[in-house]
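The values are calculated or read from the model by the stated rules, or taken from the named source; none is laboratory data. These numbers come from a predicted model, not from an experiment. Virtual Cβ from ideal backbone geometry, glycine too; neighbours counted across all protein chains shown.
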Amino acid sequence: MSHPAAAVADQRRVLSSVRRSITHKFSIGTHEGYLTVGLFEDGRPGEIFIKMSKEGSTLSGLIQGFCRAFSLALQFGLSPQEAVERFRGMRFEPSGTTNNPEIPEATSILDYVARYIELHFVSVDADSTAA
């Protein structure tokens, strides 16, 4: 049984081989990382990558799995707003203060990413997609 708000496309929308992206350096507590958001031609996010400073850690591996799943969900039609609703507020370490004045506290890396996506890609006016 399908939920109407969770409708996704039957086909995957693939990003072009050359695409615009935004890379954002962040820190949560003592953990540093880089969030890269690959953009479709219309400016909507179509993929994300997170590179953590502690490469090879379990956390880094789990984050890479999350990025792949999140990217595929966007490519199959999950809206940025729906993604934000599902990941904002998730709680696990690392958590705490950040270096971003727009997001002073984060309850996890996924919470931080969701809130960043919300700030930069979800608008009250559905016509605008700004970075």
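Residues in segment 77-93 that are surrounded by fewer than 16 Cβ atoms within 10 Å (Cβ to Cβ) and under 19 Å from residue 63 (Cβ atoms): 86, 89, 91, 92, 93. Taken over segment 6-50, the criterion of being closer than 16 Å to residue 103 by Cα and outside any strand (DSSP E or B) is satisfied by 29, 30. Considering segment 23-74, the residues that are among the aromatic types (Phe, Trp, Tyr) and closer than 18 Å to residue 93 by Cβ include one that is surrounded by the most Cβ atoms within 10 Å (Cβ to Cβ), namely 26. Of all residues being touching a Ser or Thr at 6+ places or on another chain (Cβ under 6 Å) and in a loop (DSSP other than H, G, I, E, B) in segment 90-126, which is farthest from residue 31 (Cα to Cα)? Just the residue, please. So the residue we want is 90. Beta carbons closer than 6 Å, at least 6 apart along the sequence or on distinct chains, pair a first residue in segment 94-112 that is touching a residue at least 12 places away in the same chain (Cβ under 8 Å) and surrounded by fewer than 20 Cβ atoms within 10 Å (Cβ to Cβ) with a second that is basic (Lys, Arg) and not in a loop (DSSP other than H, G, I, E, B) for 103/115. For first residues located in segment 35-55 and modelled with pLDDT of 95 or more, partners that are assigned to a strand (DSSP E or B) and among the acidic types (Asp, Glu) and lie 6+ apart or on another chain with Cβ distances below 8 Å form the pairs 37/47; 38/47.
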